[in-house]
Amino acid sequence: MTYQPPQPPPNYGSGFPPSGGVPHFGQPPVKKRRKTPWIVGGVALLALCCGGVGIAALNSGGDDEPATDTAAVAEGNTKAAPGLNQAARDGKFEFKVSKVKCGAATIGPELLKQEAQGVFCLVDVTVRNIGNKAQLFDGSSQKAFDGDGTEFSHDSAAALYANDGTDVFLEEINPGNRINGTLVYDVPKGTKLTTIELHDSPFSGGVTVRLS
């Protein structure tokens, strides 16, 4: 048998693992680049863009916007609102307020008269359906306001007598037709109504009309 001298171990360079791991043959370990910051930044940028599109869509409004500048009215600039005998639109209805009269203590016949807590204010209005199908006009959706912004609701019981026993403000109006009637508000003595907010439905944006 021929004598074989012991052979030195393979030279793995500086990459030979000291604890028996897999050698990397002298090449420095490659660090993986973290992608998390880029992903987070991309998601944030996408959310910002989508938010801007959503806000623009909300500001654009719908197809059935009223003919008057209701945005200016909402900010307190009632000078931008139409006045008496001027047409104002909300949704499928066109309104025209012709007269306002306040001060009556009672409305109706003697035996069935309605007594005001304060005084009654009567608002004469014409409502025309400008849509393509019949729609209900509800008097209870119509709000009146004084100069301080105090809101007054429609008195449907008193309005029944103010309209000769007919509840004209709780019936459907066919396309192209119109109704004439009187809205009634029970307000404190000395109150001066300055605006009325008219709606084609309880959930519409409404249109403001100046009463003085």
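Restriction of the GluC sites (Glu not before Pro) in segment 70-154 to DSSP coil positions whose beta-carbon has at most 13 other beta-carbons within 10 angstrom yields GLU75, GLU110.
Along segment 161-170 the Karplus relation, 6.51 cos²θ - 1.76 cosθ + 1.60 evaluated at θ = phi - 60°, assigns HN-Hα couplings of 7, 5, 10, 6, x, 10, 7, 6, 9, 8 Hz to successive residues, with x for each Gly and Pro. Amide H to amide H, with H built 1.01 Å from N, ASP155 comes under 5 Å of VAL184, TYR185, ASP186, counting only residues 5 or more places away or on other chains. Each residue of segment 124-138 was assigned a 3J(HN,Hα) from its phi angle through the Karplus expression (A = 6.51, B = -1.76, C = 1.60, θ = phi - 60°), giving 7, 9, 10, 10, 10, 7, 9, x, 10, 8, 5, 9, 7, 9, 10 Hz with x at Gly and Pro. Taking only the Cα atoms of segment 101-180, the radius of gyration and Dmax are 14.2, 43 Å.
For the pair ASN174 and GLU151, a Förster radius of 25 Å applied to the C-beta separation gives a FRET efficiency near 0.20, rounded to the nearest 0.05.
Using a 1.4 angstrom probe, figure out how much accessible area segment 112-193 has per residue, in square angstrom, rounded to the nearest whole.
Working: 4140 Å² over 82 residues.
I get 51 Å² per residue for this part.
Here segment 82-212 is treated with +1 on each Lys and Arg Cβ and -1 on each Asp and Glu Cβ, and its dipole about the Cα centre works out to around 480 debye. Given a 1.4 Å probe and every protein chain left where it sits, what share in percent of the accessible area of segment 78-150 is carbon and sulfur? Exposed carbon and sulfur together represent 45 percent of the surface. Close amide-amide hydrogen proximity is noted between PHE93 and ILE130, each under 5 Å apart and 5 or more residues distant or on a separate chain (H modeled in the peptide plane; Pro and chain starts excluded). Amide H contacts of GLY108: GLN114, each under 5 Å away and 5 or more positions distant or on a separate chain (H built 1.01 Å from N in the peptide plane; Pro and chain starts excluded). Pairs from the table (LYS92/LYS113; LYS113/LYS133; LYS79/LYS99) lying more than 29 angstrom apart at Cα are LYS92/LYS113; LYS113/LYS133.
The values are calculated or read from the model by the stated rules, or taken from the named source; none is laboratory data. Every value quoted in this text rests on a predicted model; they were computed, and no experiment measured them. In this analysis, Cβ positions are derived from the backbone assuming ideal geometry, glycine residues included, and neighbour counts consider all displayed protein chains. These accessible areas exclude ligands, DNA and RNA; they are computed on the full protein's heavy atoms, side chains included. Shrake-Rupley method; radii C 1.70, N 1.55, O 1.52, S 1.80 Å.
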